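Participant: I am attaching a structure below and will ask some questions about it afterwards.
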Amino acid sequence: MTIKNLKLSVVICSYNRAKYIANAMESLYNQSIDKSLYEVFVVDNNSTDNTKEICQDYIAKNTDFNIRYIEEKRQGATYARNTGAALAKGKYLVFMDDDAEANVDFLERILIFFKNNPNADGVGGRIIPLYIPEEPKWMSYYVSSLVGNFDYSNTVKEFAPEKFPLESNMVTPKQLFDEVGGFDENLLGVVGTLRIGGESKGYHIKLQKMGKRIYYDPTIIVRHVIETEKLTRAYMYRVASGIGRGERARTLAISYWSFIKKNIEYFIKWGASIILAVKYTLKGNPSQALPIIQFRNDAFLGLWGK
């Protein structure tokens with residue numbers, strides 16, 4: 001394989017997902033495009049399970065697959081993603097999670113998008129939760145974003161200002177990624193049980209301020225595995241508060257006034273969550289009411305550094 005044929009570099013950050021990482025790799029192996037058009041990097045961020053053995057065994061058995069296993073000892077998803085990106089040779093970087101499964105035409109749809117939109121500066125796709133064994137009754141559209149549910153538009157559409165793809169299904173030109181310095185390593189993503197989210201938001205806001213155009217394409221699809229038994233109150237708090245922590249770090253890096261404005265925005269959203277909770281209760285779905293309020297409350301705690 002020659003580097004000149006590589007058009008896509010897929011980067012998967014992995015941490016203790018031995019149960020699902022093989023499925024993620026297999027979904028990329030079975031893509032509808034020729035394997036000369038892409039490479040895959042699995043970046044292990046200090047997993048304590050047998051992720052390493054599973055990846056190495058899979059790679060050894062699939063010698064026709066351009067995939068590499070890498071270890072990143074600095075703890076934090078952002079470090080891992082940046083490490084994989086630094087090694088990439090493709091024109092476009094594709095980021096996907098270790099507990100996601102790509103549709104068979106996932107990479108083909110990305111190539112088609114850029115063929116039809118050669119001046120685009122990035123694209124994000126749809127993320128569909130794959131609940132195991134089933135979606136919990138208390139889940140609602142407004143809370144499902146915490147488990148990766150993402151569907152911005154029914155058609156190809158440019159993201160509005162401060163709207164952006166998620167890290168688990170986003171594509172960006174390698175040259176542009178390098179130009180802006182990759183993901184902000186002050187926003188580390190997952191660090192053990194701590195979350196400081198927002199690396200995709202910080203990155204794409206930089207691009208938008210540069211006048212870059214980022215799009216959404218609903219045909220670029222991954223499915224994100226969600227084990228409903230793990231959706232505990234503690235887990236939902238970590239995710240929601242991680243969003244707040246990320247916004248705290250991002251806005252304070254800009255200015256204290258930016259942080260104050262984010263607090264005002266969160267107050268408004270908190271009020272809206274109460275209204276939504278009342279509506280769900282009046283419609284006979286009280287189990288879906290409390291999680292909406294808890295989501296906003298936990299995000300607020302994260303914003304305040306709790």
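Participant: Rounded to the nearest 0.05, what FRET efficiency do Leu290 and Lys212 have when you use their Cβ-Cβ distance and R0 = 41 Å?
Facilitator: 0.55
Participant: Using a simple spin-label model with points 7 Å from Cα along the Cα→Cβ vector, what separation in nm is obtained for Leu282 and Lys230?
Facilitator: Result for the modelled spin labels: 3.8 nm.
Participant: Loop only per DSSP, at most 14 neighbouring Cβ atoms within 10 Å: give me the GluC sites (Glu not before Pro) in the range 24-76, ordered by residue number.
Facilitator: Numbers: sites: Glu26, Glu39, Glu53, Glu71, Glu72; in loops: Glu72.
Here no loop site has a sparse enough neighbourhood.
Participant: Same structure, new question: Ignoring everything except DSSP H segments at least 4 long, calculate the 222 nm mean residue ellipticity for the chain; use -39,500 (n - 2.57) per segment, divide by total residues, nearest 500.
Facilitator: After summing the helix terms and dividing by residue count, I get -13000 deg cm²/dmol.
Participant: Between the helical axis of 199-209 and the dominant principal axis of the chain, each derived from Cα atoms, what acute angle in degrees is found, rounded to the nearest 10?
Facilitator: 90
Participant: Just report the Cα centroid separation between the range 61-125 and the range 278-293, whole Å.
Facilitator: So the two Cα centres are separated by 38 Å.
Participant: Amide H neighbours of Gln31 under 5 Å, counting only residues 5+ apart in sequence or on other chains, H built in-plane at 1.01 Å?
Facilitator: Residues meeting the amide H criterion: none.
Participant: Could you pull out every residue, at least 5 positions away or on a different chain, whose amide H is within less than 5 Å of the one on Arg68? Hs are placed 1.01 Å off N in the peptide plane, and Pro or chain starts have none.
Facilitator: Sorted by chain and number, the residues that satisfy this are Val40, Phe41, Val42.
Participant: Looking at this model, which pairs from Lys212/Lys269; Lys212/Lys261; Lys91/Lys209; Lys89/Lys262; Lys230/Lys269; Lys261/Lys283 are more than 31 angstrom apart at the alpha-carbon?
Facilitator: Numbers: Lys212/Lys269 28 Å; Lys212/Lys261 24 Å; Lys91/Lys209 22 Å; Lys89/Lys262 38 Å; Lys230/Lys269 26 Å; Lys261/Lys283 33 Å.
Distance filter (> 31 Å) returns Lys89/Lys262; Lys261/Lys283.
Participant: With θ taken as phi - 60° and the coefficients 6.51, -1.76 and 1.60, list the Karplus ³J(HN,Hα) couplings across the range 19-35 in order, rounded to whole Hz; mark glycine and proline as x.
Facilitator: 5, 10, 4, 5, 5, 4, 5, 5, 5, 7, 4, 8, 5, 6, 9, 5, 5
Participant: Mind checking the angle between helix 77-87 and the chain's longest principal axis? C-alpha axes, 0 to 90 degrees, to the nearest 10.
Facilitator: 20
Participant: With charges only on Cβ, +1 for K and R and -1 for D and E, what is the dipole size of the range 209-251 about its Cα centre, in debye, rounded to 20?
Facilitator: 320
Participant: Still on this structure: Let's see if you can work this out: charge +1 on each Lys and Arg Cβ, -1 on each Asp and Glu Cβ, no other charges. What is the dipole magnitude of the chain about its Cα centre, in debye to the nearest 20?
Facilitator: 1020
Participant: Around Phe159, which amide H atoms from residues at least 5 apart in sequence, or from another chain, sit under 5 Å from its own amide H, with H modelled in the peptide plane?
Facilitator: Excluding prolines and chain starts, which carry no amide H, the hits are Ile214, Tyr215, Tyr216.
Participant: Give me the net charge of Ile205's neighbourhood, meaning all other residues with Cβ under 9 Å from the Cβ of Ile205; Lys, Arg count +1, Asp, Glu -1.
Facilitator: Working: positive: Lys201, Lys206, Lys209, Arg250; negative: Glu162.
Summing Lys/Arg as +1 and Asp/Glu as -1 gives +3.
Participant: A follow-up question, please. Of all DSSP beta bridges located in the chain, what percent are antiparallel, nearest 5?
Facilitator: 35
Participant: In Å, what Kirkwood hydrodynamic radius results for the range 140-185 from the alpha-carbon pair distances?
Facilitator: On the way: mean 1/r = 0.0777 Å⁻¹.
Over the range 140-185, the inverse of the mean reciprocal pair distance is 12.9 Å.
Any read-out appearing in this document is the output of simple, stated calculations on the displayed coordinates, not a laboratory observation. As the structure is a computational prediction, the values presented were derived from the model and not from experiment. Glycine also receives a Cβ, built like all others from the backbone with ideal geometry; neighbour counts cover every protein chain displayed.
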